[in-house]
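> Can you keep this structure in mind? I'll have questions shortly.
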Amino acid sequence: MSPRVTGAVAARVLTQLRRDPRTVGLMLGVPSMLIFLLHELFAGREAVFQHVGGPLLGLFPFVSMFVVTSITMLRERTTGTLERLMTLPLAKLDLLAGYGIAFAVMAALQASLVSAIAFLFLNLHSVGPVWVVVALAIGNALLGMALGLFLSAFATTEFQAVQFMPAVVLPQLLLCGLFVPRAQMAHWLRVLSALLPLTYAYDALAHAIRGTFNARFALAVCVTVGATLLALVLGALTLRRRTA
Amino acid sequence: MEVQPGIVVEGLRVERNGTGVFDGLSLSISPRAVTGLLGPNGSGKSTLMRAIVGVQRVQGGTITVLGRPAGSSPLRRRVAYVTQAPSVYGDLTVRENLRFFSRVLGVPLARIESALETVDLQRAADRVVNRLSGGQRARVSLASALLGEPEVLVLDEPTVGLDPLLRRDLWETFHRLAQENRTVLVSSHVMDEAERCDELLLLREGTLLATGALPDILGRTGARDLEDAFLRLVDEELS
């Protein structure tokens, strides 16, 4: 692995995003619009907005980066650029880290903008420091990226890759505890949600916003980081120098 | 001077989708020459090239490139590969693509200009690749491969669909590179391109029909041109 090559990959991915201002606009604009919609939806019910809106801030980057990475990576696989990269002096880690850096930059922008809107204009407040929320959001972006990278290996067309979003992301969002507290779920759903990484990402965010930096928070952060690393390793296994 | 082998293939066995492409293919490719890999579509040209650059899963046999096993990491900066379909980033400009590949290779950015000149793309340098014609896109892909000044160039149908003038210039470039002590392997399904190659490998259904320089092959078969030689060799094999 070399910093020069990692940097080259990161710069390239960011240039690709810059060349596509509409995607960047959507990535920044859509979560801003959704958080505003949520605020209006729960007008007069501040506690509910506080409960749902806060953690959602940190989950948007997960969804965006999952979709963007699965499509970008699928394109690398289908257009032959991945095969070309595999013939060049480039370590798989350079590719993964380069993507990671680029999407972390994008996630930082997205999370900062949406947090600024929510905390400054929509009366959302966080007991814990806002930077922790933004940092967790960036972590979640990397989790989304790692899962997208791994799953892109199982899609052969962009249509399939897009369908992974509802298939992989929505169940995790439904079960993570955001809509129904996990304690109130049927036993088997609680067991299932304990196996899904987004449950821990949500848990860490909820704790950060309530300002309860306890052992549960630490556990949630560790599991989220662990799940990201695991997904990255699985993703790296799908990047093969030799194919049939 | 030490004589270094270009590419040596011994007993190569490759299966794709359950059917054998090669069953014990052996050949050698000389350095300092332009070798043409000719054969119809589906004869195994691309599979052989992918095996030589080390991205093809192989079932058996050995391939040695510049004295090292094909695909081994020291070869990655000494061997360059251009796929049949242009493998560059369509959403970036020509220059952005070349800048990316030169950073990955760790070569000076000044090489970008000379690579652009070689493929005659200076005027399109700041255009987005997706907006270029198919031939221009193929040239971006070729320019990316030239950046590293590789000792072995593996080019899969690099001149398909190009302007005859540019095609002539590119063949001159290939010969210049070969004179600079490089191994150049170029595939084509157009038999006419044989006369531009120093050496030929004539491939059909995964087996070698003939090897050698064009005049030798014509002399041996008594054929007028390579197309004719191809037919005669196939007839010979079938009878």
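> Take the residues in the range B:178-206 that are of a type outside the set (Asp, Glu) and more than 22 Å from B:ALA51 (Cβ to Cβ), then tell me which one is surrounded by the most Cβ atoms within 10 Å (Cβ to Cβ).
Here the answer is B:ALA194.
> Okay, next question. Among the numbered criteria (1) among the small types (Gly, Ala, Ser); (2) within 20 Å of the chain's Cα centre (by Cα); (3) more than 25 Å from B:ARG176 (Cβ to Cβ), which single criterion is violated by B:GLY90?
Of everything listed in (1) among the small types (Gly, Ala, Ser); (2) within 20 Å of the chain's Cα centre (by Cα); (3) more than 25 Å from B:ARG176 (Cβ to Cβ), B:GLY90 misses just condition (2).
> Something else now. Here are some conditions: (1) closer than 27 Å to A:LEU239 by Cα; (2) of a type outside the set (Phe, Trp, Tyr); (3) more than 11 Å from every other protein chain (Cβ to nearest Cβ). B:GLY106 meets all but one. Which one does it not meet?
In the conditions (1) closer than 27 Å to A:LEU239 by Cα; (2) of a type outside the set (Phe, Trp, Tyr); (3) more than 11 Å from every other protein chain (Cβ to nearest Cβ), B:GLY106 misses (3) alone.
> When you scan the range B:49-72, how many residues do you find that are touching a Gly at 6+ places or on another chain (Cβ under 7 Å), at the interface with chain A (Cβ under 8 Å from one of its Cβ atoms) and surrounded by fewer than 19 Cβ atoms within 10 Å (Cβ to Cβ)?
Adding up the residues that qualify gives 0.
> Same structure, new question: Could you grab the pairs with beta carbons closer than 8 Å, sequence gap of 6+ or different chains, first residue in the range B:73-86 and facing chain A (nearest Cβ under 7 Å) and closer than 12 Å to A:MET86 by Cα, second one assigned to a strand (DSSP E or B) and among the basic types (Lys, Arg)?
Close Cβ pairs (under 8 Å, with a partner that is assigned to a strand (DSSP E or B) and among the basic types (Lys, Arg)) do not exist here.
> So how many residues does the range A:1-17 have that are surrounded by fewer than 20 Cβ atoms within 10 Å (Cβ to Cβ), part of a helix (DSSP H, G or I) and more than 10 Å from every other protein chain (Cβ to nearest Cβ)?
2
> Do we have B:GLU10 as more than 9 Å from chain A (Cβ to nearest Cβ), more than 23 Å from A:LEU90 (Cα to Cα) and among the acidic types (Asp, Glu) here?
Yes.
> Scan the range A:218-241 and tell me whether some residue there is touching a residue at least 60 places away in the same chain (Cβ under 8 Å), assigned to a loop (DSSP other than H, G, I, E, B), in contact with a Leu (Cβ under 9 Å, 6 or more places away or on another chain) and within 14 Å of another protein chain (Cβ to nearest Cβ).
Within the range A:218-241 (the criterion being touching a residue at least 60 places away in the same chain (Cβ under 8 Å), assigned to a loop (DSSP other than H, G, I, E, B), in contact with a Leu (Cβ under 9 Å, 6 or more places away or on another chain) and within 14 Å of another protein chain (Cβ to nearest Cβ)), the answer is yes, since at least one residue qualifies.
> Please determine whether any residue of the range A:46-63 is touching a His at 6+ places or on another chain (Cβ under 7 Å), part of a helix (DSSP H, G or I), among the aromatic types (Phe, Trp, Tyr) and farther than 30 Å from B:ARG76 by Cα.
Yes.
> Where the second residue is surrounded by 15 or more Cβ atoms within 10 Å (Cβ to Cβ) and among the aromatic types (Phe, Trp, Tyr) and the first is in contact (Cβ under 8 Å) with a residue 40 or more places away in the chain and assigned to a helix (DSSP H, G or I) and lies in the range A:185-203, which pairs have Cβ atoms under 7 Å and are six or more apart or on separate chains?
What qualifies is A:LEU198/A:PHE62; A:ALA201/A:PHE62.
> For the range B:46-69, name all the residues that are in contact (Cβ under 8 Å) with a residue 60 or more places away in the chain and among the aliphatic types (A, V, I, L, M).
Answer for the range B:46-69, where residues must be in contact (Cβ under 8 Å) with a residue 60 or more places away in the chain and among the aliphatic types (A, V, I, L, M): B:LEU48, B:MET49, B:ILE52, B:VAL53, B:VAL65, B:LEU66.
> Those residues that are crowded, with 22+ Cβ neighbours inside 10 Å, more than 24 Å from A:ALA135 (Cβ to Cβ) and of a type in the set (Gly, Ala, Ser), I need them from the range A:77-110; list them, please.
None; the set is empty.
> Continuing with this model, one more query. So which residues in the range A:151-166 are surrounded by fewer than 22 Cβ atoms within 10 Å (Cβ to Cβ), touching a residue at least 60 places away in the same chain (Cβ under 8 Å), part of a helix (DSSP H, G or I) and over 12 Å from the mean Cα position of the chain (by Cα)?
Within the range A:151-166, A:ALA153, A:GLU158, A:VAL162, A:PHE164 qualify.
> Using the structure shown, decide if A:THR23 is β-branched (Val, Ile, Thr), within 12 Å of chain B (Cβ to nearest Cβ) and over 30 Å from B:GLY106 (Cα atoms).
yes
> Assuming A:ALA43 fulfils every condition listed in (1) assigned to a helix (DSSP H, G or I); (2) more than 14 Å from chain B (Cβ to nearest Cβ); (3) farther than 30 Å from B:PRO150 by Cα apart from one, which condition is it?
(1)
> Only one of B:ARG99, B:ARG127, B:ARG123 is touching a helix residue (DSSP H, G or I) at 6+ places or on another chain (Cβ under 8 Å), of a type outside the set (S, T, N, Q) and free of Cβ contacts under 8 Å to residues at least 24 places away in the same chain; which?
Answer to the selection: B:ARG99.
> Another question about this same structure. Do the conditions hold for B:ARG139, that is, is it surrounded by fewer than 21 Cβ atoms within 10 Å (Cβ to Cβ), modelled with pLDDT under 95 and either over 23 Å from B:ASP91 (Cα atoms) or under 19 Å from the mean Cα position of the chain (by Cα) (or both)?
no
The values are calculated or read from the model by the stated rules, or taken from the named source; none is laboratory data. Just so you know, these numbers come straight off a predicted model, no measurement behind them. Cβ coordinates were reconstructed from backbone atoms using ideal geometry, including for glycine residues, and neighbour counts include every protein chain displayed.
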